[in-house]
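Nothing in this text is a laboratory measurement; each read-out follows from the coordinates by a stated rule. The structure displayed is predicted, hence computed values, not measured ones. Neighbour counts run over all protein chains shown; Cβ positions are idealised from the backbone, glycine included.
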Amino acid sequence: MTSPEIESAAERLLAGLPQRMDRVFRPWADTAPTRPALIGNGTVWTYGALPGIVDATAAALRSHGVRGGDRVMVVSENSLALAGLVLAISAIDAWAVVVNPRLSAREVDQIRDHCGARILYYAVDVSELARGHAQRHGARDVAMGAIGTLAASPIDEAAIPEPVEVDGSRQVAALLYTSGTTGNPKGVMLTHRNILFNASVSRELRRPTPDDVIYGVLPMSHIVGFSSILIGTLMGGSAVCLAPKYDPAAFLDAVREQGVSLMFGVPTTYQRLLEYKATAGVKALPRGRLRGLYVAGAPLDPTLKAAIEREFGLPLLNAYGITECAPGISGVRADAPRADTSVGPILPGIEVRLVGQAGEEVAAGEVGELHVRGPNVMRGYYRAAAATDAAIDRDGWFNTGDLARFEGDALFIAGRTKELIIRSGFNVYPAEVEAVLNAHPAVVQAAVVGRAVDANEEVVAYVQLLPGANVDATELLAHASRQLAAYKRPAEIVILDALPASSTGKILKHRLAAS
């Protein structure tokens, strides 16, 4: 597409969208009030009931001292309570900071301190892990109407609200954290416009119907669960069946009993389905009303793709995105499935280019670093102006750090210029794991690499110890486990006499990865 065509597509997708995220479901409350909107733990919130629930929750937030521009941190698995809070936070122009309770105490506290949260809410009725964080922070239980009882931290009187923007294209709706290459978390500021544009693209491509039920198991603490599944589904008038964690048997029950018709997952989501079939002795997985299977978040193995497509008689549609792009960048279309593992054509309204090492645009078919521009690109990293300037140039191009190539209009991801490891759809940055291991008193230095396994990647750490240290891999793994979420923990720790290094002392990770 030419630049004018891309701009026209963006304008069309943005036309008629509300200024704020919490407005997307309200037209359906008038036209289809009895239609299910959110389903969770045996409870159904209809579109007609949702405005009252969100407005009452917003009033409760104000009564707790939350103001526009405040960062409100919610520690929760996927649940009705989390969805209601996210929408209510939007309604009062605060920023939603959603955090998975599976993160360690160190990780939760790091995000809390960086974002300057005014208040934290913990979905204690959903997760015992959330209860543990609440107890550490001196939170008290509070009744919050339809969303149930949550724990709330004391108000941070020192928290300073950010300015509330009149223009929704600038107002931050969500602050989602990804680990930085330095090992510190980076807060990605996503505006209402970023998220609503992505939801509009999702609606156009997937064309949800009023009868569709989307299985919402990808965490709302990550961008696909937050933007594409929650907001995208409510914009389209379908229902989200919220699941706090992935269990293949529970998913298949939802296919049978809840009429799930669209499934979004990472490759390991589908790999575990096949493993469940084999171990449970199931002859065939039920298809039910399933009409769409989508996958993103990690490299897709062609063998897995073929096996899932044989099992369900449906194409497994691959896509590519990144948190900083809210997240969608490309996706295989349902009316043009592919036999390969391409991540499909670029989404409408988005401009991309492939750049070589010297900053030049690469020739057709060649590999280059993928840069993106459009209404999907984040406002920036919170409290990190230098990192924002390094990622987004003065013309608005965002550097994804990923290497890609085109075959015709189909995008293929060739690798990563960053050292990112994608474990079960979650981003793991080696520097963060290395920092934890290096904090052990017996460790001289550590190097972390990814290792391909089945349809996934796992974390492998190589460690050099102090001479005479009486420490083994089991103790180091226990040390790491206390400070890292499960998906970040090394699958293996290898102790070496010395790590391979260049003459300047730089660790040669490519040698470790090849060992």
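Here are some notes:
- Projecting the Cα positions of Leu252, Ser76, Met189 onto the charge dipole of the chain (unit charges on Cβ atoms of Lys, Arg, Asp and Glu, taken about the Cα centre) puts Leu252 furthest along the positive direction.
- Sequence-distant contacts, meaning Cα pairs under 8 Å at least 6 residues apart, place the relative contact order of the range 308-350 at 33 percent.
- Taking packing as the residue-averaged number of other Cβ atoms within 10 angstrom, the listed peptides 90-103, 383-396, 251-264 run from highest to lowest as 90-103, 251-264, 383-396.
- Only Lys, Arg, Asp and Glu carry charge here, each on its Cβ (+1 for the first two, -1 for the last two); on that basis the chain has a dipole of about 740 debye about its Cα centre.
- Per-residue 3J(HN,Hα) values for the range 336-344, derived from phi via the Karplus relation 6.51 cos²θ - 1.76 cosθ + 1.60 with θ = phi - 60°, read 9, x, 10, 7, 8, 9, 4, 9, x Hz in sequence order (x marks Gly and Pro).
- Computed over the chain, the per-residue total of -39500 (n - 2.57) for DSSP H runs of n ≥ 4 gives a 222 nm mean residue ellipticity of -8500 deg cm²/dmol, rounded to 500.
- Using C-alpha pairs under 8 Å with a sequence gap of at least 6, the mean separation divided by the residue count of the range 421-514 gives a relative contact order of 28 percent.
- Rel. contact order, % - alpha carbon contacts under 8 angstrom, at least six apart, the chain: 12 percent
- Mean Cβ count within 10 Å, highest first, over the residues of peptides 345-353, 304-312: 345-353, 304-312
- Intensity falloff of the range 3-403 expressed as log10 I(q)/I(0), Debye formula with alpha-carbon point scatterers, at q = 0.14 Å⁻¹: -1.32
- For Leu176, residues with placed amide H under 5 Å, excluding near neighbours: Val188, Leu190
- Dimensionless Rg/Rh of the range 212-337 - Kirkwood Rh, Rg from C-alpha atoms: 0.93
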